[in-house]
Amino acid sequence: MDYRNQALGSLAISIPRATKLFRQHDLDFCCGGKQTLLRAATKKDLDIDLLESQLAALSAQPSEDQNWQHSPLSDIIDYIIPRFHERHREQLPELILMAEKVERVHHDKPLCPRGLAAQLTLIHQDLANHMMKEEQILFPMIQQGMGAHAAGPISVMEHEHDDAGDQLEIVKTLTQNVTPPEGACTTWRALYAGINEFINDLMEHIHLENNLLFPRALRGE
């Protein structure tokens, strides 16, 4: 099958396990989900033939993952809030505390992620405000069948998703692509493991909204 000319977001929806493959290759399937696989692979200098064969193999495997393509939009929202919103609210305060400790204890080391705690704090504040607007304004509109009239709020949310993606790139830069240095202490390693989990969760979160929930809502489903 021709995967190279399909959008990353569409592939992530039709082949749910493709998201893991895309993360391994640092392909942005959430905020950058509208670009084709070929365009994304070319920018990263990746082997498009290999990517297509890997996607074909994933597509051929049976999957037990939840397929949200035909689920009621209210069910998707009821999944997003506890799985992603509440989880982010748990993750970020703990990550900020660990980052503050690492910066305080290891400030004199060359690979210390100076400024990481401040960046995570900014993400926490912006994401908290973003999720509140979704829960109090956008999601109720969609649940009341008014998604086709929510182009304005959806555009704002998508723009804020782009901002979150930019903020994650800063985190990656500060942390050497979230890779702890040799000999890093337990807290340092735990911090980076937690950041990797948060990034994976946030990308899945944005993907589900940008590439599935919002387009279906705008179509009046």
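The values are calculated or read from the model by the stated rules, or taken from the named source; none is laboratory data. Because the structure is a prediction, the values reported are computed rather than measured. Cβ: placed from backbone, ideal geometry, glycine included. Neighbour counts: every protein chain shown. These area figures cover heavy atoms from the full protein model, side chains too; ligands, DNA and RNA do not enter into them. Shrake-Rupley method; radii C 1.70, N 1.55, O 1.52, S 1.80 Å.
For the range 32-57: of the residues being of a type in the set (Val, Ile, Thr) and surrounded by 14 or more Cβ atoms within 10 Å (Cβ to Cβ), which is farthest from residue 202 (Cα to Cα)? Spell out the reasoning first.
Taking the range 32-57 first, the residues of a type in the set (Val, Ile, Thr) are 36, 42, 48.
If we keep only those that are surrounded by 14 or more Cβ atoms within 10 Å (Cβ to Cβ) too, we end up with 36, 48.
Numbers: 36: 21, 48: 26 Å.
Across the range 32-57, the extreme among qualifying residues is 48.
Collect the residues in the range 176-187 that are in a helix (DSSP H, G or I) and either within 16 Å of residue 107 (Cβ to Cβ) or modelled with pLDDT of 95 or more (or both), keeping them in residue-number order. Show your work before the answer.
Pass one, the range 176-187, residues in a helix (DSSP H, G or I): 186-187.
187, the sole residue that qualifies.
On the given criteria, is residue 87 part of a loop (DSSP other than H, G, I, E, B) and basic (Lys, Arg)? Write out each step before concluding.
Values: part of a loop (DSSP other than H, G, I, E, B): no; basic (Lys, Arg): yes.
Spelling it out, it is not the case that residue 87 is part of a loop (DSSP other than H, G, I, E, B) and basic (Lys, Arg).
Being in a helix (DSSP H, G or I), open to solvent by less than 10 Å² (accessible area, probe 1.4 Å) and farther than 17 Å from residue 203 by Cα is true for just one of 99, 118, 190. Which residue is that? Walk me through how you get there before you give the answer.
Numbers: 118 fails: open to solvent by less than 10 Å² (accessible area, probe 1.4 Å); 190 fails: open to solvent by less than 10 Å² (accessible area, probe 1.4 Å).
Being in a helix (DSSP H, G or I), open to solvent by less than 10 Å² (accessible area, probe 1.4 Å) and farther than 17 Å from residue 203 by Cα holds for just one of 99, 118, 190, which is 99.
Tell me, please, whether a residue that is in a loop (DSSP other than H, G, I, E, B) and within 30 Å of residue 144 (Cβ to Cβ) can be found in the range 34-57.
Among the residues of the range 34-57, at least one is in a loop (DSSP other than H, G, I, E, B) and within 30 Å of residue 144 (Cβ to Cβ), which makes the answer yes.
Listed here are the residues, each with its yes/no results for (1) in a loop (DSSP other than H, G, I, E, B); (2) open to solvent by 60 Å² or more (accessible area, probe 1.4 Å); (3) within 19 Å of residue 23 (Cβ to Cβ); (4) free of Cβ contacts under 8 Å to residues at least 24 places away in the same chain.
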{"position": "111", "(1), (2), (3), (4)": "yes, yes, no, no"}
{"position": "130", "(1), (2), (3), (4)": "no, no, no, no"}
{"position": "139", "(1), (2), (3), (4)": "no, no, no, no"}
{"position": "159", "(1), (2), (3), (4)": "no, yes, no, yes"}
{"position": "164", "(1), (2), (3), (4)": "no, no, yes, no"}
{"position": "168", "(1), (2), (3), (4)": "no, no, yes, no"}
{"position": "197", "(1), (2), (3), (4)": "no, yes, yes, no"}
{"position": "205", "(1), (2), (3), (4)": "no, no, yes, no"}
{"position": "215", "(1), (2), (3), (4)": "no, no, no, yes"}
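If residue 61 satisfies every condition in (1) touching a residue at least 40 places away in the same chain (Cβ under 8 Å); (2) surrounded by 12 or more Cβ atoms within 10 Å (Cβ to Cβ) but one, which is the exception?
Of (1) touching a residue at least 40 places away in the same chain (Cβ under 8 Å); (2) surrounded by 12 or more Cβ atoms within 10 Å (Cβ to Cβ), only one is false for residue 61: (2).
Could you please find all residues in the range 1-26 being open to solvent by less than 40 Å² (accessible area, probe 1.4 Å), in contact with a Lys or Arg (Cβ under 8 Å, 6 or more places away or on another chain) and more than 24 Å from residue 216 (Cα to Cα)?
Once the filter is applied, which keeps residues that are open to solvent by less than 40 Å² (accessible area, probe 1.4 Å), in contact with a Lys or Arg (Cβ under 8 Å, 6 or more places away or on another chain) and more than 24 Å from residue 216 (Cα to Cα), the range 1-26 yields nothing.
Here are some residues: 195, 170. Which one is modelled with pLDDT of 95 or more, touching a Ser or Thr at 6+ places or on another chain (Cβ under 8 Å) and among the hydrophobic types (A, V, I, L, M, F, W, C)? Show your work before the answer.
Numbers: 170 fails: touching a Ser or Thr at 6+ places or on another chain (Cβ under 8 Å).
None of the others qualify; the one that does is 195.
Looking at the range 142-153 only, could you name the residues that are without any contact (Cβ under 8 Å) to a residue 60 or more places away in the chain and either part of a helix (DSSP H, G or I) or basic (Lys, Arg) (or both)?
If the condition is that a residue be without any contact (Cβ under 8 Å) to a residue 60 or more places away in the chain and either part of a helix (DSSP H, G or I) or basic (Lys, Arg) (or both), then 149, 152, 153 are the ones that fit.
A quick yes/no check of all residues on (1) farther than 23 Å from residue 199 by Cα; (2) at pLDDT below 90; (3) out of contact with any His (no Cβ under 8 Å at 6 or more places or on another chain):
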| site | (1), (2), (3) |
| --- | --- |
| 20 | no, yes, yes |
| 24 | no, yes, yes |
| 27 | no, yes, yes |
| 36 | no, no, yes |
| 45 | no, no, yes |
| 50 | yes, no, yes |
| 53 | yes, no, yes |
